[in-house]
């Protein structure tokens with residue numbers, strides 16, 4: 001098979017078997033092209049947890065597949081290439097960590113996500129390169145043992161001088177090879193280029209960077225920046241991917257040594273064999289390790305039943321409120337039934353955006369219902385004024401009312417909530433999606449169905 005034919009067969013098999021493919025950003029371009037999601041390890045695991053897929057194939061290294069299994073214990077998770085490991089994750093084992101904890105009593109143990117699942121069980125909190133500063137800052141403890149990467153830990157420590165840090169002297173074998181000499185050489189060759197580096201690099205490199213961030217952060221910065229040239233201080237595949245995404249810009253590797261051969265082990269054939277059941281490795285959690293939901297999931301589970309009860313009461317109140325205004329049982333009933341258009345639109349929007357129904361989306365539902373009732377009443381009152389005061393026909397009054405409500409509905413749904421949708425906030429984005437998608441249904445309701453009903457009733 002050609003590469004294209006192999007990709008098409010992989011796409012067919014994953015649809016047939018309801019399997020989600022995750023590809024870390026360090027994978028090759030052909031692998032990225034068949035993936036459902038690409039990005040950093042933690043972000044991929046979060047996306048997988050939100051899908052309805054029965055199984056997940058991780059195109060990355062072992063600790064990433066383990067993280068995916070931790071966040072999706074009910075799903076079958078495979079590592080596409082069983083030989084793909086992370087040297088940094090494997091350089092510290094549980095017995096060594098236990099000895100470190102004895103050396104630093106009273107220290108909160110902060111584990112970089114690039115660690116094994118076994119090691120994570122002995123830590124107080126797990127962080128990513130983008131969340132490390134925020135989480136370490138929020139910890140009650142003023143003493144932190146950061147493992148296994150002293151470069152990332154040191155980068156965080158410099159920004160938190162009020163806290164005392166201790167480190168395990170490990171690190172990423174790839175990022176650590178870059179030196180100040182590499183920076184000087186790259187800047188001399190490309191004087192107009194901005195230097196974007198990963199915090200796993202040495203301090204002497206990080207200190208000279210124009211931007212320091214995770215792989216996803218580096219890519220986002222390069223895409224949004226007005227600059228036209230960039231030196232990329234992370235795995236060299238990012239140079240390739242950014243060149244695809246931003247062909248009008250130029251990208252240069254900081255050093256040729258920044259190539260992770262562990263990531264390059266995964267091929268399209270690995271994915272193909274995994275889908276056929278003849279390759280890959282199913283990931284299981286270590287014996288005795290269990291997972292439980294907490295945080296947002298736990299909060300939603302506790303609060304949503306009461307919120308749904310309150311929502312049901314609100315719908316009853318809305319029914320009688322509309323009935324009082326319309327004084328027509330039939331049209332009131334139709335309005336209530338027609339609200340399903342809006343709710344259906346909101347559900348489709350959440351599904352397309354890979355958001356689950358949680359507290360924030362329910363808040364969007366409640367806001368949406370309020371908007372619908374308001375628009376219905378305004379439409380009705382406008383039509384009544386035209387029919388009674390101006391002596392218009394029911395049909396003409398209904399047409400004018402629908403036309404007048406179209407603009408404010410569009411501005412509210414299509415314009416007003418767009419920043420909420422695009423902001424990326426896990427709180428505001430589901431609210432925005434619910435209102436936007438449901439608002440489209442509301443638009444159909446208010447400018448078509450209700451005017452038609454009104455014109456039929458008041459001829």
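Please count how many residues of the range 369-379 are surrounded by fewer than 21 Cβ atoms within 10 Å (Cβ to Cβ) and touching a residue at least 24 places away in the same chain (Cβ under 8 Å).
Step one: filter the range 369-379 for residues surrounded by fewer than 21 Cβ atoms within 10 Å (Cβ to Cβ), giving 369-371, 373-374, 377-378.
If we keep only those that are touching a residue at least 24 places away in the same chain (Cβ under 8 Å) too, we end up with 369, 371, 373, 377-378.
Going through the range 369-379 one residue at a time, the tally reaches 5.
Residues 215, 259: which one is surrounded by fewer than 18 Cβ atoms within 10 Å (Cβ to Cβ) and at pLDDT below 95? Outline the logic, then answer.
Values: 215 fails: surrounded by fewer than 18 Cβ atoms within 10 Å (Cβ to Cβ).
Unique residue meeting the criteria: 259.
Among the numbered criteria (1) at pLDDT below 95; (2) buried (at least 22 other Cβ atoms within 10 Å of the Cβ); (3) under 23 Å from residue 239 (Cβ atoms), which one does residue 22 miss?
With (1) at pLDDT below 95; (2) buried (at least 22 other Cβ atoms within 10 Å of the Cβ); (3) under 23 Å from residue 239 (Cβ atoms) applied to residue 22, the lone miss is (1).
Conditions (1) assigned to a loop (DSSP other than H, G, I, E, B); (2) within 23 Å of residue 262 (Cα to Cα); (3) assigned by TED's automatic domain parsing to the domain that holds residue 119, marked per residue:
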| position | (1), (2), (3) |
| --- | --- |
| 137 | no, no, yes |
| 141 | yes, no, yes |
| 145 | no, no, yes |
| 151 | no, yes, yes |
| 156 | no, no, yes |
| 162 | yes, no, yes |
| 181 | no, no, no |
| 184 | no, no, no |
| 188 | no, no, no |
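Out of all the residues in the range 54-63, is one or more farther than 22 Å from residue 269 by Cβ and either at pLDDT 95 or above or over 17 Å from the mean Cα position of the chain (by Cα) (or both)?
Yes, that holds for at least one residue.
Specify the residue that is farthest from residue 17 (Cα to Cα); the eligible residues are those in the range 71-93 that are surrounded by fewer than 14 Cβ atoms within 10 Å (Cβ to Cβ) and in contact with a helix residue (DSSP H, G or I) (Cβ under 9 Å, 6 or more places away or on another chain).
93
Can you work out which of the residues in the range 269-287 that are over 25 Å from residue 46 (Cβ atoms) and at pLDDT below 95 is surrounded by the most Cβ atoms within 10 Å (Cβ to Cβ)?
Here the answer is 279.
Please count how many residues of the range 114-154 are touching a residue at least 60 places away in the same chain (Cβ under 8 Å) and in contact with a strand residue (DSSP E or B) (Cβ under 6 Å, 6 or more places away or on another chain).
1
For the subset of the range 356-367 comprising residues that are buried (at least 18 other Cβ atoms within 10 Å of the Cβ) and at pLDDT 75 or above, which member is farthest from the chain's Cα centre (by Cα)?
365
The values are calculated or read from the model by the stated rules, or taken from the named source; none is laboratory data. From a predicted model like this one, the values you see are computed outputs, not experimental measurements. Every residue, glycine as well, gets a Cβ built from its backbone with ideal geometry; the counts of neighbours run over all protein chains shown.
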